[in-house]
Structures are given as structure tokens and as C-alpha cells.
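Student: I'd like to ask you about the structure that follows.
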């Protein structure tokens with residue numbers, strides 16, 4: 001065994017290179033097995049008791065873009081798939097606090113207890129933004145007297161994206177359109193003296209409907225690396241006011257308070273006004289959804305050494321297991337098919353605006369999301 005290091009979850013120890021080669025040879029001595037596994041269209045890995053790869057079928061090699069299995073032998077799955085957390089500690093995949101909520105590591109550990117386990121795994125890849133939604137199977141197998149884990153992987157990213165689109169267009173947008181239709185019907189039968197007030201509401205709801213469609217279109221383009229950024233001078237006070245005005249009369253704000261912090265700084269910097277607004281809008285929306293009636297959501301802006309930082313605070317506390325997954329693409333606490341808010345903020349803010357999106361959540365102080373941006377960007 002190679003020297004181990006401190007772990008926050010799974011055992012960190014690894015088999016030596018010689019031991020990995022010995023186990024690989026053990027599998028190669030059963031040639032029919034290798035041929036059968038290569039015929040399987042799903043990704044298949046064979047792992048030793050230290051969770052290291054000793055065999056990968058052709059589907060796995062094709063998915064990873066590798067030509068020689070020696071390139072990944074000895075790696076753990078997260079390392080081979082470029083999981084962002086696999087390189088955070090010297091001992092690699094499976095030992096960080098984030099690994100506690102990883103379906104892949106948990107399934108493998110359960111298989112080592114003699115169980116067959118199926119879980120989902122949301123993986124953020126090494127650039128911090130490229131993501132995979134995976135379904136994984138892990139089962140113990142004995143081959144030539146040695147015990148291994150047979151680890152199968154299916155990429156369900158497309159399925160997850162489809163479900164999100166269905167949620168957006170069949171739930172959120174349909175609800176907004178239904179409200180628009182309701183007020184339009186009310187306008188037909190209302191007293192003429194109240195018509196102007198109803199028209200204002202219709203105008204507001206129709207604007208919200210258009211913005212929801214635009215937001216989804218932008219997110220799809222961002223994930224496909226096709227989003228165009230329009231750089232211009234932006235004023236932080238204007239961004240804050242527009243966001244406040246958008247949500248001040250929003251249904252989400254009923255029974256709650258939304259305010260701009262009186263210490264907010266008035267800063268001019270170079271960015272994309274639409275994308276900045278989209279990020280801040282998502283922050284406020286998430287904060288309002290997390291807040292109970294009577295609670296206050298506060299938004300603000302301050303100058304920091306590297307540029308400008310927006311923040312949104314609410315009194316709710318996110319449990320530790322939620323905090324570990326909040327930026328993953330399909331993770332959500334709001335029900336099946338949701339979960340693009342925080343992920344979308346990070347994608348737009350970091351990949352396209354070259355900023356940093358983060359959060360802090362404690363039982364004492366509640367939750368604060370932050371989005372920091374440089375004053376100038378080298379395009």
C-alpha cells in the first residue's frame with residue numbers, strides 16, 4: 001500500500017502500481033470476460049478494493065477519449081472522469097467532504113459490503129462548470145479468486161436536461177401564461193374605471209413570461225458554449241434597483257420584505273448588463289423561495305480589491321448536505337425536475353463573465369450568495 005492521507009469520507013489508501021498490474025493481469029487471464037465486457041454498450045469499469053480501475057471496456061475508453069487503458073489504470077473513477085473534487089486532496093477521488101454525497105463513491109462502498117447498489121451521481125468536472133448526470137451500478141464480483149467491484153455507468157445528462165425543459169415550459173411558463181390569461185379574461189368583464197390597473201398587471205406578467213423564456217434560451221446557449229457576451233459599462237445601483245423593482249410586487253414577495261442595503265456602493269464596471277441581471281435575479285428568486293412569511297431578503301453591492309461584489313442575504317439556513325450539492329446542475333430541494341438556479345448563476349458568472357459565484361450559510365447568520373466580478377476583463 002502507498003502512504004495514505006487524511007480523509008473526510010472513503011479510505012484514501014491505494015494499491016501500488018505493481019499490485020494494479022497484477023490484478024489487471026488476473027483479468028486478462030480470463031480473455032472471454034474481457035471480450036464480453038467490451039461488447040456491452042454501457043460504460044463498464046472493474047475496480048479493486050481501493051476503488052482503482054484495473055479494467056475499462058471499449059465504451060468507457062470511447063467516452064473518456066482514451067486509446068490505451070494503461071492511461072487510466074490505477075486511477076479512481078472520479079479521477080478518470082475529471083471530477084473537480086478528485087484533485088482537491090493528494091489521495092484523490094472519494095476523500096473530500098463533497099464525496100459524502102457522491103452516488104458513485106457510495107455505490108462502490110456499498111458493493112464492497114456485498115451489496116448491489118444503484119445510485120445517481122451529479123459530477124462537476126474539472127473546469128468547475130462542465131457537468132455530468134450519471135446513473136451508476138456497483139456490484140461485487142469474484143474473478144480468478146480475486147474480489148472486484150463491477151462498476152457500470154450510464155450518462156443520463158440528456159434525460160435530466162429534457163426534464164428541466166419540461167418543467168420550465170410545462171410548469172413555470174404555463175403558470176405565468178395562465179395568470180396572464182386570467183387577467184385578460186378579467187379585463188373583458190371589468191369596470192372600465194379599473195381597466196387601466198388590470199392592463200398594468202397584464203403588462204407586468206407578459207414581461208415576466210418573456211423573461212422566463214429568454215432566461216432558458218440563454219442557459220441552453222451557455223451550456224452549448226454558444227452564448228455571446230455583450231460588454232458595456234454597467235452601473236451597480238441601476239442593476240440593484242431594477243432587480244428590486246422586478247420582485248417587489250412579485251408573487252414570491254407576498255408577505256415578505258425585499259430591501260436594498262443602505263450601504264450599497266455605486267460602482268461602474270465593464271460587464272454584460274443582461275447576464276448580470278439574470279444572475280442577481282436568480283439570487284433574489286432563490287432567497288425569496290427559501291424565506292418564510294415575515295422574513296426579509298436584503299440585496300447589496302460593495303467594492304472589493306478585485307472589483308465589484310453583489311450579495312443577497314436571507315435568514316434561512318441550508319443543511320450541510322444541501323450546501324455540498326447546491327451548484328450541481330440537477331440538484332434541487334424544490335421537487336423533481338427543478339434545480340437550475342444556482343447552477344445557472346455559476347455558469348453565467350464564472351464561465352462567461354469571468355467572476356466568482358459563492359455562498360456562505362450558517363444557522364446563526366442565514367445564507368448569503370455572492371457574485372464578484374473584475375472591473376475589466378481581457379476578452
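Since every read-out is calculated from the coordinates, none of them should be taken as a lab result. It should be emphasised that the depicted structure is a prediction, and the values quoted were computed from it without experimental measurement. Quick reminder, even Gly has a Cβ in these numbers, built from the backbone with ideal geometry, and neighbours come from all protein chains shown.
Student: Determine, for each peptide in 294-304, 136-146, 252-262, 101-111, the mean count of other beta carbons within 10 angstrom over its residues, then list the peptides with the highest first.
Tutor: Values: 294-304: 17.5, 136-146: 15.5, 252-262: 14.0, 101-111: 22.5.
Ranked from most to least packed, the peptides come out as 101-111, 294-304, 136-146, 252-262.
Student: Sticking with this one: For residue 8 and residue 226, calculate 0.36 nm times their separation in residues minus their Cα-Cα distance, and state this gained length in nm to one decimal.
Tutor: 74.7 nm
Student: May I ask you to compute the full-extension gain from residue 315 to residue 364, defined as 0.36 nm times their residue separation minus their alpha-carbon distance, rounded to one decimal in nm?
Tutor: Working: separation 49, 0.36 × 49 = 17.64 nm, distance 0.87 nm.
Between residue 315 and residue 364, full extension yields an extra 16.8 nm.
Student: Still on this structure, I have one more. Using a simple spin-label model with points 7 Å from Cα along the Cα→Cβ vector, what separation in nm is obtained for residue 187 and residue 18?
Tutor: Placing both labels 7 Å along Cα→Cβ, they lie 8.2 nm apart.
Student: So how tilted is helix 273-290 from the main axis of the chain? Cα-based, degrees 0 to 90, rounded to 10.
Tutor: 80 degrees
Student: What FRET efficiency comes out for residue 200 versus residue 292 if R0 is 35 angstrom and r is the Cβ-Cβ distance? Round to the nearest 0.05.
Tutor: On the way: r = 29 Å, r/R0 = 0.83.
In this case the efficiency is close to 0.75.
Student: At 0.36 nm per residue, minus the direct Cα-Cα distance, what do residue 175 and residue 38 gain on full extension? Give it in nm, one decimal, please.
Tutor: Working: separation 137, 0.36 × 137 = 49.32 nm, distance 4.77 nm.
So the extension gain works out to 44.5 nm.
Student: Could you state the angle between the C-alpha long axis of helix 157-167 and the longest principal axis of the C-alpha atoms of the chain, as a value from 0 to 90 degrees rounded to the nearest 10?
Tutor: 20 degrees
Student: If you line up the long axis of helix 173-189 against the longest principal axis of the chain, both from Cα atoms, how many degrees apart are they, to the nearest 10?
Tutor: Approximately 20 degrees, to the nearest 10.
Student: Using a basic spin-label model with each label point 7 Å from the Cα along Cα→Cβ, how many nm lie between residue 88 and residue 62?
Tutor: Going by the 7 Å Cα→Cβ label model, 3.3 nm.
Student: Taking 7 Å along the Cα-to-C-beta vector as the label spot, tell me the residue 159-residue 238 distance in nanometres, rounded to one decimal.
Tutor: 4.6 nm
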